[in-house]
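Please read the structure below before turning to the comments.
We did not get these values from a lab; they are worked out from the coordinates using the rules stated. Since this is a predicted model, take the numbers as computed values, not measurements. FYI the Cβ positions are ideal-geometry reconstructions off the backbone, even for glycines, and counts take in every protein chain you see.
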Amino acid sequence: MTSTRGRPPHDDILTPGEWRIVNAIRHGMTSREIAARRGISVDAVKYHAANALAKLGLTSRAQLRHWRGAAKDSALHGKETVMTGELALGPVGQIARTVRDIDGARVWYRDALGLTHLYSFGDLAFFDCGGVRLFLSAGDITDRAESILYFRVPDIDAAYDALRARDITFIDAPHMIHRHEDGTEEWMAFFADPEGRPLAIMAQVKA
C-alpha cells in the first residue's frame, strides 16, 4: 500500500487558499491589507497571487480584477445568466462608512442608535437600517470616499453585462466577498459615477 505526500489535488482551477486571495484582490485590497485581514504574511499573499495568475494565464493584478470566475463550490458557478426585460437597478442595498474605532462604533450604532446588528467579521460590522444594510469598516476616515452606494440586482452577471453595454466602465468583475454560514454568498462589482465616486451592484446568491 502506497500513500501520497502533501495535500490532495483540487478539482478546481484554483485552490481554496488561492480563491480567497483572488477574491480579495478583485475586491481592490492590497497585499498588505489581505495579509492583515487573513493573518498571514505578505509573502504568502504574493505567492498565492502569483500561482493564481499563472494558472489563469494572466500577467497582472489589473487583469485579475477584471477576470470573471467562480469557484466550483460557489452557488454562482455554472448558474445560467438570466435577464428578463430591460435592466432595472433595485433599491439601495448597502451604505458604507469608515470609522476609526470599529469596536466603539459597533457598540454605538447598536446601543445608542438601536440599529440591529447583523453580523461582524474582522474589522467589519454590518447593521440593518430599515432594509438598507449599513457597512462599517475600520480605517482612516480622511482617505476614503464616503459613501459607496450598493444597488441590489437579481442577477449580478446579467446586470454587469447590461451596464457594460451602456458604456459603464467597471473597476472590477463580479466577485464573491463573503459566504455566510448557510451557504449564501455575497457578490459585488464596482463602477464609478461621472465624478469618479464609486458605486456598486450587489447580489446574494443562495446555494
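Computed about its Cα centre, the charge dipole of the chain is approximately 560 debye, with only Lys, Arg, Asp and Glu carrying charge at their Cβ. Cross-link reach is defined here as a Cα-Cα straight distance under 15 Å, omitting same-chain residues fewer than 8 places apart; for Lys72 the aspartates and glutamates meeting it are Asp11, Asp12, Glu18, Glu80, Glu185.
Ranking of Met202, Met83, Met29 by neighbouring Cβ atoms within 10 Å, starting from the fewest: Met83, Met29, Met202. Restricting the calculation to Cα atoms, the chain shows an Rg/Rh of 0.98 when the hydrodynamic-style radius is the Kirkwood one. Per residue, the chain reaches -7500 deg cm²/dmol at 222 nm when only DSSP H runs of four or more residues are counted, each adding -39500 (n - 2.57). Summarising the amide proton neighbourhood of Cys129: residues at separation of 5 or more, or on other chains, whose placed amide H is nearer than 5 Å comprise Leu134. Summarising the label geometry, the points placed 7 Å from Cα in the beta-carbon direction at Arg68 and Val42 lie 3.4 nm from one another. Restricting the trypsin sites (Lys or Arg not before Pro) of region 74-110 to loop positions (DSSP other than H, G, I, E, B) with no more than 14 neighbouring Cβ atoms within 10 Å leaves Lys79, Arg100.
A cut-off of 5 Å between modelled amide H atoms, ignoring neighbours fewer than 5 places along the same chain, links Ala96 with Phe135, Ile148. Excluding same-chain neighbours fewer than eight residues apart, the lysines reachable from Lys79 by a Cα-Cα span under 19 Å are Lys206. Estimated from the Cβ-Cβ distance and a Förster radius of 22 angstrom, the FRET efficiency linking Leu56 and Ile168 is about 0.35. Within the chain, which is the longest segment that contains none of the GluC sites (Glu not before Pro) sitting in a DSSP loop with at most 13 other Cβ atoms within 10 Å? Here the longest segment lacking exposed loop sites spans 1-79. Counting 0.36 nm for each residue step from Glu86 to Asp193 and taking away their Cα separation leaves a gain of 36.5 nm. Each residue in Asp167, Asp172, Asp101 was given a count of other beta-carbon atoms within 10 angstrom of its own, and listing them fewest first yields Asp167, Asp101, Asp172.
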